[in-house]
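Let me begin by presenting the structure, written as structure tokens, before commenting on it.
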Amino acid sequence: MSLFNLAVLISGSGTNLQAVIDAVENDAVPNAKVALVISNRIGVYGLERAKKHGISNVVIEKNDTKLLLDTLNSYKINGIVLAGYLSILPPEVVEAYNNKIINIHPALLPKFGGKGFYGIRVHQAVLESGDTVSGATAHLVDNGIDTGKILIQKEVPVLPDDTAESLQKRVLEAEHIILVEAVKIMCQRDGSPDKVSIEPSP
Ligand code: GRF
């Protein structure tokens with residue numbers, strides 16, 4: 001299997017990035033390398049995580065299509081992971097990496113997805129809905145917002161005394177597990193993974 005160079009795009013703390021870094025370092029994704037971390041925000045902790053692991057990292061604040069594509073090409077990137085990246089990728093990037101871009105979303109899509117559904121807002125909406133199950137979704141990225149083909153989902157219970165923060169914490173744990181699984185499949189199949197599984201709530 002040829003080496004699969006990953007670019008991980010972030011906007012914040014980077015716990016999903018850390019899950020991918022740890023999985024690669026522990027050989028859980030044998031042919032993968034986290035070759036580049038791109039942040040669209042300066043000074044976020046995710047960049048510190050990249051530095052700690054000797055991973056090249058850059059900040060590209062604006063949605064500069066040419067700069068993004070040139071940067072990805074210069075690192076010979078094979079696939080992209082959106083790990084808490086709070087910006088919409090330009091269509092040219094989505095096209096250049098068709099079926100080779102995975103996003104992690106903190107809800108059971110197609111519910112609680114789309115414009116405005118990000119961060120703590122998602123969990124507030126789940127609590128307001130009265131749903132007793134929430135979870136995480138790893139999906140391919142297309143030119144919609146959270147509309148790409150679902151690859152893996154993991155359910156978690158919504159507890160009666162949950163706050164948006166406590167639910168967010170539980171969902172984040174599920175995100176780390178399924179993101180690594182989705183990345184593993186993308187790397188092993190050298191792109192275009194099929195729908196894999198829905199893991200029920202424990
Ligand atoms: C995650 O919940 C992700 O699903 C959402 O933003 C959060 C980022 O968390 N899009 P982190 O930066 O990976 O810790």
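The values are calculated or read from the model by the stated rules, or taken from the named source; none is laboratory data. Computed from a predicted structure; not experimentally measured. Glycine gets a Cβ as well: all are built from the backbone with ideal geometry, and neighbour counts include every protein chain shown. Accessible surface is based on the protein model in full, side chains and every heavy atom, while ligands, DNA and RNA are left aside. Shrake-Rupley method; radii C 1.70, N 1.55, O 1.52, S 1.80 Å.
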**Message:** So GLU92 ticks every box in (1) touching a strand residue (DSSP E or B) at 6+ places or on another chain (Cβ under 6 Å); (2) more than 14 Å from the ligand (Cβ to nearest atom); (3) part of a helix (DSSP H, G or I) but one. Which box is left unticked?
**Reply:** (1)
**Request:** All but one of (1) in a loop (DSSP other than H, G, I, E, B); (2) open to solvent by less than 20 Å² (accessible area, probe 1.4 Å) hold for VAL81, so report the exception by its number.
**Result:** (1)
**Fill in**
Selection over the stretch 75-97 where residues are more than 15 Å from ASP146 (Cα to Cα) and without any contact (Cβ under 8 Å) to a residue 60 or more places away in the chain yields a count of 5
**Message:** Name the residue that is nearest to SER56 (Cα to Cα), counting only residues in the stretch 2-17 that are within 10 Å of the ligand (Cβ to nearest atom) and surrounded by 20 or more Cβ atoms within 10 Å (Cβ to Cβ).
**Reply:** VAL8
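Yes/no matrix, rows are residues, columns are (1) among the β-branched types (Val, Ile, Thr); (2) in contact with a helix residue (DSSP H, G or I) (Cβ under 9 Å, 6 or more places away or on another chain); (3) modelled with pLDDT of 95 or more:
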| residue | (1), (2), (3) |
| --- | --- |
| ILE10 | yes, yes, yes |
| LEU36 | no, yes, yes |
| ASN40 | no, no, yes |
| ILE60 | yes, yes, yes |
| THR71 | yes, no, yes |
| GLY84 | no, yes, yes |
| LEU89 | no, yes, yes |
